Ligand SMILES: [Zn+2]
Ligand SMILES: [Zn+2]
């Protein structure tokens with residue numbers, strides 16, 4: 001029998017989300033689980049669908065930082081049971097060269113599975129109340145809804161005593177910033193790190209760098225975010241400060257070993273390179289929309305630049321690690337979260353866009369119809 005429940009549906013690239021009834025005609029197939037969503041974070045990538053130039057199909061249910069309770073499994077090979085608490089992360093095929101090499105964020109099918117409509121098997125089972133087609137799945141989950149069907153591969157089991165509704169952003173935004181610092185850079189005690197942009201990803205990087213014992217400088221244009229970054233252990237510098245690269249070099253004993261840009265700003269990326277010491281590494285996480293002009297000499301003396309996806313993380317390893325740090329009081333991600341009922345999703349987007357909230361988390365009311 002079909003499951004009917006509420007979901008936030010986006011029908012046009014410049015329209016508002018509308019919470020409406022949707023239908024799931026059949027339960028989880030082999031390898032999948034059905035999850036009752038406790039909360040789902042809003043990430044920049046959800047909002048970037050509006051600028052996807054038609055590549056992310058609509059109408060769709062977005063949301064890719066879900067956490068919830070397993071209510072039904074598609075069999076024992078899922079390794080999960082009804083009642084398990086799970087954090088949902090990005091999707092990957094599990095079979096390509098990078099998946100086999102423990103780098104699922106670079107899965108050959110990453111864009112198809114996560115951004116451009118999802119797995120197409122059983123696509124017709126997910127519809128609106130009138131039977132109209134919806135994009136089959138967003139990031140393997142479509143969790144701005146009461147329920148989500150997800151590949152068990154993306155569901156990370158967590159301790160049921162944790163505040164489940166707040167954990168979803170550990171599956172993408174917080175994982176991205178923390179993974180870049182802990183995995184991509186391998187930051188250790190006494191290392192120096194500059195973080196450009198103190199949103200959810202940047203502040204997760206600051207928390208991870210502080211937890212690792214690094215000297216951290218955070219750059220942003222919003223004073224409230226700079227204050228947050230300071231509270232989380234960084235020295236804060238306004239992005240409009242005169243001589244920004246020199247200021248960062250001064251604060252990092254001659255130049256940062258690592259810099260993470262979360263802004264995609266050409267100026268800040270070049271400033272970050274000028275703030276690096278020789279052999280320093282700049283990681284980019286934002287999508288660039290045009291060619292990046294680099295200043296002459298920007299990569300001299302062994303400096304390098306790379307794009308980092310999902311913090312190079314294996315979610316099943318990094319999510320529990322971040323939860324362990326949170327329990328030890330060293331990764332206080334919950335301080336960055338503001339919760340909204342799912343019905344207030346448009347207000348959440350507005351507050352996120354305006355920089356008033358670092359990480360909105362939407363809480364569905366969970367009543368199946
Ligand atoms: Zn793969
Ligand atoms: Zn995301």
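The values are calculated or read from the model by the stated rules, or taken from the named source; none is laboratory data. Owing to the predicted nature of the structure, the values given are computational and were not obtained by experimental measurement. Note that we place each Cβ from the backbone using ideal geometry, even for glycine, and neighbour counts take in every protein chain shown.
Considering the conditions (1) at pLDDT 95 or above; (2) buried (at least 22 other Cβ atoms within 10 Å of the Cβ); (3) part of a helix (DSSP H, G or I), residue 99 is excluded by exactly one of them, (2).
Rundown of residues vs (1) within 16 Å of ligand 1 (Cβ to nearest atom); (2) under 23 Å from residue 3 (Cα atoms), yes/no style:
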| position | (1), (2) |
| --- | --- |
| 95 | yes, no |
| 101 | yes, no |
| 109 | yes, no |
| 118 | yes, yes |
| 123 | no, yes |
| 135 | no, yes |
| 146 | no, yes |
| 157 | no, no |
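If the condition is being touching a helix residue (DSSP H, G or I) at 6+ places or on another chain (Cβ under 6 Å) and within 14 Å of residue 342 (Cα to Cα), then region 24-66 contributes 38, 39, 40, 41, 42, 62, 65, 66. Inside region 161-209, residues that are surrounded by fewer than 24 Cβ atoms within 10 Å (Cβ to Cβ), touching a strand residue (DSSP E or B) at 6+ places or on another chain (Cβ under 8 Å) and assigned by TED's automatic domain parsing to the domain that holds residue 106 make up a count of 4.
The lone criterion from (1) surrounded by 15 or more Cβ atoms within 10 Å (Cβ to Cβ); (2) within 15 Å of ligand 2 (Cβ to nearest atom) left unmet by residue 9 is number (2).
For region 96-155, a tally of residues being out of contact with any helix residue (DSSP H, G or I) (no Cβ under 8 Å at 6 or more places or on another chain), free of Cβ contacts under 8 Å to residues at least 60 places away in the same chain and more than 16 Å from ligand 2 (Cβ to nearest atom) returns 10.
Does at least one position in region 284-293 carry a residue that is part of a helix (DSSP H, G or I) and in the same structural domain as residue 219 (by TED's automatic domain parsing)? No, region 284-293 contains no residue that is part of a helix (DSSP H, G or I) and in the same structural domain as residue 219 (by TED's automatic domain parsing).
How many residues are under 18 Å from residue 157 (Cβ atoms) and crowded, with 16+ Cβ neighbours inside 10 Å when one looks only at region 326-357? Result for region 326-357: 1.
All told, residue 81 falls short of being more than 10 Å from ligand 1 (Cβ to nearest atom) and crowded, with 22+ Cβ neighbours inside 10 Å. With respect to being under 22 Å from the mean Cα position of the chain (by Cα), surrounded by 14 or more Cβ atoms within 10 Å (Cβ to Cβ) and under 18 Å from residue 345 (Cα atoms), residue 49 fits the description. Go through 256, 180, 211 for me and flag whichever is within 16 Å of ligand 2 (Cβ to nearest atom) and modelled with pLDDT of 95 or more. Sole residue among the options that is within 16 Å of ligand 2 (Cβ to nearest atom) and modelled with pLDDT of 95 or more: 180. Listed conditions (1) over 20 Å from residue 352 (Cα atoms); (2) outside any strand (DSSP E or B) are all met by residue 225, apart from (1).
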